[in-house]
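Reading through the structure tokens given below for one structure.
The values are calculated or read from the model by the stated rules, or taken from the named source; none is laboratory data. What you see is a predicted model; the values in this text were computed from it and never measured. FYI the Cβ positions are ideal-geometry reconstructions off the backbone, even for glycines, and counts take in every protein chain you see.
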Amino acid sequence: MKKLIFTVLIFLFTTALFAQKGKVATALSYKEDKKLDKAWEAIKETVDPANPKAEKTLKWSGAWQARGEIIEAIILSKDEKFLKLVPNPVEEAYSSYMKAMELDEKGGSQILKIKLLSFTNTLITAAVAAYQANEYAKAADYFEKKLLIDKTPLFKTDGAIDTAICYNTGLAAMNAKQYAKAIKYFTECTKYGYNGGSSYAQIISAYHQLGTKEDTVKAVEIMKQAFEKYPNDLSINVQLINYYIMSGQPNEAISYLDKAIAKEKDNSSFYLAKGVALDRLGRQDDAIEVYKKAIEMKPENADAYYNIGVIYFNRGVKQFDVANAVPTTDQVRYDAEKKKADDFFKEAVPYLENAVKYNPKDTYILDQLKNLYYRLKMMDKFEALNKK
């Protein structure tokens, strides 16, 4: 009698399981007929923890795979009526497929692999759409999910990382201000040499955005690594130059500037930056020559004109202090020293005039030129500027 009861229980259990599997088949049939609302209602029952009949299908890979397929069909339909059925459909489809892989007893279902290959394309499409809609965090998440699928047992033996998607994940993360995530994926790109110095430049930028002292140190380390690997990449060179100039290390800046100039001899910006570095080292005569080279490369370089003018102006101020230190009883010597100061001021005039000419909106430079005119008693020019 006990044996008969046991047999009946097995029969009932098997019948219940087949019934639930039948619901999965029905849900997939609705999906094929484009009746996605009915498909969704049917598949929900088979993986609903509150449904006692779903106890076994909850642990069946096929049910979760079907759920993923149905949600993916809803996503691809782009029909608002269906899209409202599933909150966060991309995330739900992803979690369904991942659950299907987790429960896959065979550990290598080719059907599941084919479905996932299709879904990775859906993920990429959703990521691109999110990026274009400025939903950068969502885009980064979708791109990252594609990469996580690639790392699962079904795919990880197929080859190297998808570097293009890896780079796009980093870009989306950068725009979403998820700098740690951006660093992670751009670093992965550098391992494969993807996008050359650009991947390094993104890492450097991310560290700068994080902004701590430790992050700045890491950024400089990455700059140096990038320069060693891509010595011809000017974007890396420029970042190193800017860092050394801004951090008060002009000698190091000049070293990299010389390398940059050797690669791009007609770049006025490099000569201007080198002039600034030389100026900070107190090598004003050398700085003037380099600024003149910047002007030769770019005649409208207002900054180069201004910087030369400032050097001569500052020399005039120092010389004027020398004149003022002369005893009041020695008028001849005072006049001689003052004339030297005026000569420096006069040398500054044409450079500041050109700085104003090529950057007329800068009122600070304009005021300095007015001051110079007044000091040198060039009243016609002073009045003319006052009328502007």
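Filtering the stretch 319-339 to residues that are buried (at least 16 other Cβ atoms within 10 Å of the Cβ), assigned to a helix (DSSP H, G or I) and not small (Gly, Ala, Ser) leaves 319, 320, 334, 337, 338. Just so you know, in the stretch 1-24 the residues that are at pLDDT 75 or above and surrounded by 14 or more Cβ atoms within 10 Å (Cβ to Cβ) include one that is nearest to the chain's Cα centre (by Cα), and it is 24.
Quick grid of which residues meet (1) of a type in the set (Val, Ile, Thr); (2) surrounded by fewer than 21 Cβ atoms within 10 Å (Cβ to Cβ); (3) in contact with a His (Cβ under 8 Å, 6 or more places away or on another chain); (4) more than 24 Å from residue 310 (Cα to Cα):
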{"position": "185", "(1), (2), (3), (4)": "no, no, no, yes"}
{"position": "196", "(1), (2), (3), (4)": "no, yes, no, yes"}
{"position": "209", "(1), (2), (3), (4)": "no, yes, no, yes"}
{"position": "212", "(1), (2), (3), (4)": "yes, yes, no, yes"}
{"position": "247", "(1), (2), (3), (4)": "no, yes, no, no"}
{"position": "259", "(1), (2), (3), (4)": "no, yes, no, yes"}
{"position": "262", "(1), (2), (3), (4)": "no, yes, no, yes"}
{"position": "277", "(1), (2), (3), (4)": "no, no, no, no"}
{"position": "281", "(1), (2), (3), (4)": "no, yes, no, no"}
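Scan the stretch 268-281 for residues that are polar (S, T, N, Q) and in contact with a helix residue (DSSP H, G or I) (Cβ under 7 Å, 6 or more places away or on another chain) and the total you get is 1.
List the pairs whose first member sits in the stretch 217-241 and is more than 15 Å from residue 206 (Cβ to Cβ), whose second member is part of a loop (DSSP other than H, G, I, E, B), and whose Cβ atoms are under 6 Å apart, counting only residues at least 6 apart or on separate chains? Between residues of the stretch 217-241 that are more than 15 Å from residue 206 (Cβ to Cβ) and residues that are part of a loop (DSSP other than H, G, I, E, B), the close pairs are 230/196.
Residues that are assigned to a loop (DSSP other than H, G, I, E, B), in contact (Cβ under 8 Å) with a residue 24 or more places away in the chain and either under 22 Å from residue 298 (Cα atoms) or within 26 Å of the chain's Cα centre (by Cα) (or both) are absent from the stretch 197-213 altogether. Taken together, 75, 71, 165, 124 contain a single residue that is within 16 Å of the chain's Cα centre (by Cα) and aliphatic (A, V, I, L, M), which is 165.
Please find, among 137, 180, 173, the residue that is under 16 Å from the mean Cα position of the chain (by Cα), modelled with pLDDT of 95 or more and crowded, with 22+ Cβ neighbours inside 10 Å.
Matching residue, one of 137, 180, 173: 173.
Taking first residues from the stretch 359-371 that are without any contact (Cβ under 8 Å) to a residue 60 or more places away in the chain and within 12 Å of residue 386 (Cβ to Cβ) and partners that are in a helix (DSSP H, G or I) and among the β-branched types (Val, Ile, Thr), the Cβ contacts under 7 Å between residues at least 6 apart in sequence or on separate chains come to 366/356; 369/356. Taking the criterion of being without any contact (Cβ under 8 Å) to a residue 24 or more places away in the chain and under 17 Å from residue 125 (Cβ atoms), the residues of the stretch 57-90 that qualify are 78, 83, 88, 89.
Scanning the stretch 186-196 for residues that are over 10 Å from residue 170 (Cβ atoms) and in a helix (DSSP H, G or I) returns 190, 191.
Okay, residues lined up against (1) touching a Gly at 6+ places or on another chain (Cβ under 9 Å); (2) of a type outside the set (S, T, N, Q):
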position	(1), (2)
131	no, yes
147	no, yes
151	no, yes
156	no, yes
178	no, no
183	yes, yes
186	yes, yes
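Cβ-Cβ distances below 6 Å connect the following pairs, each with a first residue in the stretch 274-287 that is under 13 Å from residue 257 (Cβ atoms), a second residue that is of a type in the set (Phe, Trp, Tyr), and a separation of six or more residues or different chains: 275/291. For the stretch 243-278: of the residues being among the acidic types (Asp, Glu) and assigned to a helix (DSSP H, G or I), which is farthest from the chain's Cα centre (by Cα)? Looking at the filtered set, the residue picked out is 258.
Give the residue that is modelled with the lowest pLDDT, with candidates limited to residues of the stretch 225-242 that are assigned to a helix (DSSP H, G or I) and either among the charged types (D, E, K, R) or in contact with a Pro (Cβ under 6 Å, 6 or more places away or on another chain) (or both).
This residue is 228.
In the stretch 317-337, is there at least one residue being among the hydroxyl-bearing types (Ser, Thr, Tyr) and at pLDDT 95 or above? No: zero hits.
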